[in-house]
Amino acid sequence: MSFAVIVPRGDVHVQVGDDAFTMFCMLNPEHQFYDQEDFNAEDLVFYVARDKGLEELPSWYVNDTTIATSYDPSEERTEIVTCSIKRGDYRAGICGKNVYVGTPPEPPTNFKCISENWQSLNCTWEEPENPIKTSYALSYLAFNRFGGW
């Protein structure tokens with residue numbers, strides 16, 4: 001049982017320029033630290049590590065256990081959004097979310113195939129960089145010796 005969770009659950013994959021979306025950090029009131037330390041949503045903040053260092057994302061109070069932030073996928077990046085406890089100088093990350101902002105899949109470059117008497121086919125290509133995981137697959141049909149597929 002974790003102390004907090006960020007919703008939406010799982011890794012987030014979005015395209016550059018998509019609409020901003022809301023993430024929620026929710027404390028688990030059933031967790032032992034909730035009552036022991038008297039934590040609540042007022043102690044929560046969202047952070048991301050960027051070029052300028054640790055950057056706090058603007059957030060708003062939803063209820064006693066939850067804050068929210070709006071994430072704008074305006075530029076290509078891969079980052080971890082962290083929900084943290086912040087009290088005075090004390091900061092501790094309590095959960096994180098991988099966010100991948102990329103572009104629609106591009107075709108591979110430097111596509112080359114070599115065949116030896118059409119017995120085998122060996123193809124290579126370079127995959128364009130993209131924070132959004134993209135899979136490439138190749139299939140081919142070959143004539144049989146009687147002229148059919």
Exercise. List the lysines whose alpha-carbon lies under 28 Å from that of Lys112, not counting same-chain residues fewer than 8 positions away?
Worked result: Lys133
For this session: Give me the compactness ratio for the chain, meaning the Cα radius of gyration over 2.2 N^0.38 Å.
Result: 1.59
For this session: Quickly work out the Arg91-to-Glu56 label distance, labels modelled 7 Å from Cα along the C-beta direction, and quote it in nm with one decimal.
Result: 0.9 nm
For this session: Sort by residue number and report every cysteine in the chain with no other cysteine beta carbon within a distance under 4.7 Å.
Result: Cys95
Problem set entry | Glu129-Ser2 FRET efficiency (beta carbon distance; Förster radius 41 Å; 0.05 resolution) | 0.80
Problem set entry | Inter-label distance, nm, simple model (7 Å from Cα along the C-beta direction), Phe21/Thr109 | 2.9 nm
For this session: Determine the calculated [θ] at 222 nm for the chain from helices alone, applying -39500 (n - 2.57) to every DSSP H run no shorter than 4 residues and normalising by the residue count; nearest 500 deg cm²/dmol.
Result: -500 deg cm²/dmol
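No value in this document is a laboratory result; all are computed from the given coordinates. In this text the structure is predicted, and so the values were computed from the model without any measurement. For neighbour counting, all protein chains shown are included, and Cβ atoms are generated from backbone atoms with ideal geometry for every residue, glycine included.
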